[in-house]
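Student: The structure's right below; bear with me while I get my questions together.
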Amino acid sequence: MNRIVRRLLAAVLAGMALFASAAFGLIATGRAGFVVTHGVSMNPVYYQGDLVVIAKAPSYRIGEIVAYHRAGHSDVVLHRIIGGGPAGYVFKGDNNQSIDPTRPTQEQLAGRAVYHLARGGLWLHRFTSPTALGLLAFTLLAGGATAVRTRPRGRRARLSKHASTSSKPLALSALPPALRACAAAAAAVGAVGLALGALAWGGPLDTESTVSTHSANRMTFSYTAAVGRTPAYDGTTASSPDPVFRKLANDVDVHFTYTGAP
């Protein structure tokens, strides 16, 4: 059973590695990418924090949801095409009352939406945080240290079972070149992840900074009233913010103070 589980786990990991390699290749070549949504302009299709995978296309049609680059901005806009053509498309958010002010051309389009994962952007942010990377690196190092041990197999395993049940650590130099490369890569990733995790855990929660502020105009209101000596007041004058009862005061003096530029 353990052997079957290990083989299934190895197959799953190999599939994930192939998928990750293919996705990385598509993203690196600019043929695909992903967008983490912000705002409410595409409600109810997309909500804040959703993950949308986009892919380049030879042409785009009216009705498709497409991401485009804004001139002078590093982010992209993910809206629906409602008109225009390659020389200039007309976009509009499903939840917006007006169309987009820009008319992006075919070259400015990053790709159309092909897959949507609700709240995927929030999970991506959590998984790529320094703390998560540190935990992943620690897990890889712990798993690698456990796996790099000698284990007799076949007939030698049956013979050694009666002789001894202990195993000795295998020296790194005795590993095949491929395994040595994997171990070195895991160690490098682990070192970076642990460093990032240490920064995330040990960094200050609050950062002190000095900000220069300019005093703004200020207006202050206050009031006083002459009152009789009654149980409602300690003296003969009521000042703000004490209440003034109409039956106890005939006049109220209101004061106004202004501080600032003329």
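The values are calculated or read from the model by the stated rules, or taken from the named source; none is laboratory data. None of these values were measured; they are calculated from a predicted model. As a convention, Cβ positions derive from the backbone with ideal geometry for all residues, glycine included, and neighbour counts pool all protein chains shown. Areas reflect the complete protein model, heavy atoms only, side chains present, ligands, DNA and RNA absent. Shrake-Rupley method; radii C 1.70, N 1.55, O 1.52, S 1.80 Å.
Student: For a quick check of your reading of the model, give me the residue pairs whose first member lies in the range 235-262 and is exposed (fewer than 12 other Cβ atoms within 10 Å of the Cβ) and among the acidic types (Asp, Glu), whose second is in a loop (DSSP other than H, G, I, E, B) and modelled with pLDDT under 80, with beta-carbon atoms closer than 9 Å and at least 6 apart or on different chains.
Tutor: From the range 235-262, no pairs qualify.
Student: Where residues in the range 51-97 are of a type in the set (A, V, I, L, M, F, W, C), open to solvent by 20 Å² or more (accessible area, probe 1.4 Å) and not in a strand (DSSP E or B), which of them is nearest to GLN108 (Cα to Cα)?
Tutor: Here the residue is ALA71.
Student: Another question, if that's okay. Taking the conditions exactly as written (within 29 Å of HIS125 (Cβ to Cβ) and either in contact with a strand residue (DSSP E or B) (Cβ under 6 Å, 6 or more places away or on another chain) or not basic (Lys, Arg) (or both)), does SER74 satisfy them or not?
Tutor: yes
Student: Is there any pair linking a residue in the range 83-94 that is in contact (Cβ under 8 Å) with a residue 60 or more places away in the chain to one that is hydrophobic (A, V, I, L, M, F, W, C) and surrounded by 13 or more Cβ atoms within 10 Å (Cβ to Cβ), with Cβ under 6 Å and at least six apart or on different chains, and which?
Tutor: Going by the 6 Å Cβ cut-off, there are no qualifying pairs.
Student: Moving on to the next point. Could you tell me which residue of the range 95-131 is nearest to VAL52 (Cα to Cα), considering only residues that are among the hydroxyl-bearing types (Ser, Thr, Tyr) and free of Cβ contacts under 8 Å to residues at least 60 places away in the same chain?
Tutor: THR128
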